[in-house]
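Encoded as structure tokens, the structure appears first; notes follow it.
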Amino acid sequence: MNDEERDEKTMPLIDHLVELRGRMLYSFGIIVVLFFICYYFAADIYGFLVQPLADILEELGGNRRLIYTALHEAFFTYIKVAFFAALFLSFPFLAAQIWMFAAPGLYKNEKKAFVPFLVATPILFFLGGSLVYYLIFPLAWKFFVSFESAGGVGTMAIQLEAKVDQYLSLVMRLIFAFGLCFELPVVMTLLARAGMITSKGMSEKRKYAIVIAFIVAAILTPPDVISQIGLALPTLGLYEISILCVRIVERSRARAAQEAEREDDAEAAEQKNT
């Protein structure tokens with residue numbers, strides 16, 4: 001192989017790597033800009049995240065608060081808040097960069113198949129986060145706060161004084177756990193398009209899916225029944241939705257195969273007549 005042939009084979013790869021670097025730098029720049037914007041509003045964002053707990057503590061009355069025990073704790077908590085918020089807000093930009101990088105190498109039908117998943121991913125993640133924020137948080141926080149006691153003669157009062165960093169870690173862990181579990185239909189549909197799973201196989205393994213859903217919920221959520229069931233039940237519902245999505249993929253694939261077969265038969269008949 002001479003130098004010219006080698007250049008012809010390596011230049012396309014180099015071009016792709018250069019474009020990938022440009023996309024990554026642009027994505028990193030978007031995250032950095034959004035990070036500084038979110039840090040400016042970090043206190044407001046944290047206030048929004050802590051609102052479910054604040055509502056419950058307000059019902060109990062008294063001067064309630066969140067505490068931090070290290071000088072740098074509140075500062076780094078706000079940095080984490082800004083970082084998570086920047087990642088969440090930057091997802092449309094990141095997805096657009098992934099699309100612009102991958103789209104030139106896709107066929108027209110592949111582009112049509114890829115776009116719905118690109119749109120569904122942030123929507124499903126947002127739905128999972130909304131479920132945990134508006135439904136699970138109030139129930140779980142009320143359960144945890146119920147262990148407070150006023151104390152009395154010979155006993156000491158037990159009162160919640162949550163730390164700001166621990167509260168943020170718990171909240172973000174639950175939001176990401178629910179958000180990722182809500183991506184199950186997208187993942188299963190992609191696996192079906194790749195021919196790795198079938199609706200029949202998923203239906204037959206439903207009992208294993210039930211066990212796995214509760215195990216995953218027990219690992220990702222705090223050790224309370226409310227959040228574990230709150231994650232496991234939607235996951236099982238999403239598993240059933242995934243089976244329906246896989247069936248749709250299988251039907252569309254079967255129709256495409258039938259159309260291709262009819263076209264081949266028509267071409268064969270035309271060639272025979274000529």
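Tell me, which helices (runs of 4 or more DSSP H) wholly within region 118-199 include 1 or more residues that are outside the structural domain of L87 (by TED's automatic domain parsing) and either small (G, A, S) or under 26 Å from I229 (Cβ atoms) (or both)?
Per the criteria, 164-181, 184-193.
Being assigned to a helix (DSSP H, G or I), more than 30 Å from K142 (Cβ to Cβ) and modelled with pLDDT of 85 or more holds for only one residue in I243, I229, and it is I243.
Just give me the residues in region 42-63 being free of Cβ contacts under 8 Å to residues at least 24 places away in the same chain and either surrounded by 14 or more Cβ atoms within 10 Å (Cβ to Cβ) or assigned to a helix (DSSP H, G or I) (or both), in sequence order.
Taking region 42-63 first, the residues free of Cβ contacts under 8 Å to residues at least 24 places away in the same chain are 44, 47-48, 51, 54, 58-59, 61-63.
Hits for region 42-63 are D44, G47, F48, Q51, A54, E58, E59.
Just to check your reading of the model, which residue among V119, V81 is over 12 Å from the mean Cα position of the chain (by Cα), under 24 Å from E19 (Cα atoms) and β-branched (V, I, T)?
On the way: V81 fails: under 24 Å from E19 (Cα atoms).
Within the list V119, V81, the selection yields V119.
Beta carbons closer than 6 Å, at least 6 apart along the sequence or on distinct chains, pair a first residue in region 82-96 that is touching a residue at least 60 places away in the same chain (Cβ under 8 Å) with a second that is of a type outside the set (S, T, Y) for F84/M172; S90/I30; S90/I31; S90/L34; F93/I30.
Count of region 64-91 residues, restricted to those that are part of a helix (DSSP H, G or I) and surrounded by 13 or more Cβ atoms within 10 Å (Cβ to Cβ), is 18. If you filter region 15-25 down to residues that are over 22 Å from the mean Cα position of the chain (by Cα) and either surrounded by 15 or more Cβ atoms within 10 Å (Cβ to Cβ) or in contact (Cβ under 8 Å) with a residue 24 or more places away in the chain (or both), you find that the one that is farthest from Y78 (Cα to Cα) is E19.
The values are calculated or read from the model by the stated rules, or taken from the named source; none is laboratory data. Model, not experiment: these values are computed from the prediction. Don't worry about glycine lacking a Cβ; one is built from the backbone with ideal geometry, like all the others, and counts go over all protein chains shown.
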